[in-house]
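What follows is one structure encoded as structure tokens, with my remarks underneath.
FYI, it's all coordinate maths here, none of it is from the lab. Predicted model only: the values in this text are computed from it and were never measured. Every residue, glycine among them, receives a Cβ derived from its backbone with ideal geometry; neighbour counts consider all protein chains shown.
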Amino acid sequence: MPYPKYDNIRGLVQDLSEQLDLRMVELRESSPQLNVRPADAKMFMLISRQPRSVSQLAKVLEISRQAAHASIKRLIGHGVIELDFAEGNNRDKLPTVTEKGHAVRQKIGAILVQLESEISDVLGAEDTEVLRGLLKRLVTKDK
């Protein structure tokens, strides 16, 4: 029996997010240094976009602090992040992107260009930019 069709925005965004994540995994597999666990890739993306504590990362990803620490440890092992003391705080450490991590981000950027090109092939260039604008408005509405 097929699943019922849901057209609510939250569900559609979740479905699209899953599809994009799967496609990113496929595209990253072509480059050995980018081929990491999907959870670690998501952790790296969050750290790259905005510095946050391990606790904050765990909360955003809805994982335990132990799981967040394990992911960070693997990323440190890959040499793409390091732990630095938080500004004005000699106790808490924040994961930050290393020089190698910035190089990896550039390679991921090229993959994102390919992914967005695939989206544009489906939607057309104009609708792709409309979608980007709408998503930006939703993401920044409370900031």
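Summary of values
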{"quantity": "Distance in nm between pseudo-label sites at R10 and K141 (7 Å out along the Cβ direction from Cα)", "calculated": "1.3 nm"}
{"quantity": "Likely footprinting exposure, T96, T128, fewest C-beta neighbours within 10 Å first", "calculated": "T96, T128"}
{"quantity": "Mean projection area, nm², convex hull over Cα of the stretch 13-121", "calculated": "7.4 nm²"}
{"quantity": "Dipole moment magnitude, nearest 20 debye, the stretch 9-140 about Cα centre, only Lys, Arg, Asp, Glu C-beta charged", "calculated": "660 debye"}
{"quantity": "Extreme residue, positive dipole direction of the chain, given options Q66, S30, A41 (C-beta unit charges)", "calculated": "Q66"}
{"quantity": "Violating pairs (Cα-Cα greater than 23 angstrom) within the set K5/K59; K93/K136; K93/K141; K5/K136; K59/K107; K59/K141", "calculated": "K5/K59; K93/K136; K93/K141; K5/K136; K59/K107"}
{"quantity": "Ranked list, fewest to most other Cβ atoms within 10 Å of each Cβ, for D127, D7", "calculated": "D7, D127"}
{"quantity": "Estimated 222 nm signal from helices in the chain, with DSSP H stretches of n ≥ 4 weighted -39500 (n - 2.57), rounded to 500", "calculated": "-22000 deg cm²/dmol"}
{"quantity": "Separation in nanometres of the label points that stand 7 Å from Cα toward Cβ, at E87 and R23", "calculated": "3.6 nm"}
{"quantity": "Taking all pairs of distinct alpha-carbon atoms in the stretch 73-131, Kirkwood radius in angstrom", "calculated": "14.0 Å"}
{"quantity": "Pair L115, T98: separation of 7 Å Cα→Cβ label points (nm)", "calculated": "2.4 nm"}
